[in-house]
Amino acid sequence: MPLPADYHMHTPLCRHARGEPVEYAARALELCLPEIGFSDHSPVEYDDQDDWRMLAGELEEYVTKVQLARDTHPALPIRLGLEVDFIPEHEPWIEEMACRYDWDYFIGSVHYISGKWDFDNPKRLAEWEKHDVNEVWGDYFDRLTNAAASGLFQIIGHPDLPKKFGHRPTRDCSQLYSSFLAACEGTGTCIELNTAGLRKDCAEIYPSLEFLKLAKGANVQITFGSDAHAVHEVGMGLENALILAREAGYEKCCRFIGREKNVVTV
Ligand SMILES: [Zn+2]
Ligand SMILES: [Zn+2]
């Protein structure tokens, strides 16, 4: 079965990934991926936010690394993206970054809720004990819905991330999902099928099949990503993601050039 484009890959600039873009691209060619895109953790305005992203002064180096992969592997279409944290009041910064280079897409992700808690960071796992799981899911989806409604992003990353360590809501979340999906539909923002969840405690793709079926019903389009933080993770789980997409009724997915959407068959 032909694999979809892998649009979620990192670089060593984020300080917790290994392997250069040239090496990721070589692996993608081995796997016969039709297209890839880099979307490393973007800088935020102030470099002291955390220790898991590139610094603001490193954007140029990032773009150069991706360009080197393009020059080395001209047979493989390689897109230039960023995984951008959606944090309230950071919108002007995101708009400013968007003007700096010829980005193909931005993935908008929510890793932060309740001020400065990056709830998916293994180093901040203890913090979960101080929070009500249902409230975390509610806060997360409020922020994710605002991210989708902002129109700043082409894609929303790993849209049910709070399940990462196995923290599942005990309340029905369908209303949270529906509001978020309506915002995606309104701005034409895709959601990502992200296979990193298969490698985490939750042991399933982000988002769940239940969520994905609602997304299909709400006319929300999709992309695929391995969220590779190492060369061997490139393309990992994409076959499973494709099966999940089909199970939810999807026959098409999206690709991006210069932040313009193209719909292709998967
Ligand atoms: Zn990461
Ligand atoms: Zn992420």
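The values are calculated or read from the model by the stated rules, or taken from the named source; none is laboratory data. Predicted model, so just to flag it, every value in this text is computed and none were measured. Virtual Cβ from ideal backbone geometry, glycine too; neighbours counted across all protein chains shown. Only protein heavy atoms, including side chains, enter the accessible area calculation; ligands, DNA and RNA are left aside. Shrake-Rupley method; radii C 1.70, N 1.55, O 1.52, S 1.80 Å.
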Residue in the stretch 124-145 that is within 15 Å of ligand 2 (Cβ to nearest atom), assigned to a loop (DSSP other than H, G, I, E, B) and surrounded by 15 or more Cβ atoms within 10 Å (Cβ to Cβ) present: no
Yes/no for Pro77 being touching a strand residue (DSSP E or B) at 6+ places or on another chain (Cβ under 9 Å) and either among the charged types (D, E, K, R) or touching a residue at least 12 places away in the same chain (Cβ under 8 Å) (or both): yes
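For (1) surrounded by fewer than 17 Cβ atoms within 10 Å (Cβ to Cβ); (2) within 16 Å of ligand 1 (Cβ to nearest atom); (3) farther than 21 Å from Gly81 by Cα, each residue gets a yes or a no:
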{"residue": "Phe165", "(1), (2), (3)": "yes, yes, yes"}
{"residue": "Asp172", "(1), (2), (3)": "yes, no, yes"}
{"residue": "Phe180", "(1), (2), (3)": "no, no, yes"}
{"residue": "Ala183", "(1), (2), (3)": "no, no, yes"}
{"residue": "Leu193", "(1), (2), (3)": "no, no, no"}
{"residue": "Tyr206", "(1), (2), (3)": "no, yes, no"}
Any hit, the stretch 22-31, residues being at pLDDT 95 or above and either of a type in the set (S, T, N, Q) or touching a Phe, Trp or Tyr at 6+ places or on another chain (Cβ under 7 Å) (or both): no
Search result, residues across the stretch 236-255 that are in contact with a Ser or Thr (Cβ under 8 Å, 6 or more places away or on another chain) and either open to solvent by less than 10 Å² (accessible area, probe 1.4 Å) or closer than 14 Å to Tyr206 by Cα (or both): Met236, Gly237, Leu238, Asn240, Ala241, Cys253, Cys254
Lone unmet requirement of (1) open to solvent by less than 30 Å² (accessible area, probe 1.4 Å); (2) under 23 Å from Asn121 (Cβ atoms) for Asp48: (1)
Test: residue in the stretch 221-231 that is in a loop (DSSP other than H, G, I, E, B), farther than 29 Å from Glu23 by Cβ and at pLDDT 95 or above: yes
Pair list, Cβ under 6 Å, 6 or more apart: the stretch 179-204 residue of a type in the set (Ser, Thr, Tyr), other residue in a helix (DSSP H, G or I) and open to solvent by 10 Å² or more (accessible area, probe 1.4 Å): Ser179/Thr145
Pick from the stretch 80-103, criterion among the aromatic types (Phe, Trp, Tyr) and either within 16 Å of ligand 2 (Cβ to nearest atom) or touching a residue at least 60 places away in the same chain (Cβ under 8 Å) (or both), ranking: surrounded by the most Cβ atoms within 10 Å (Cβ to Cβ): Phe86
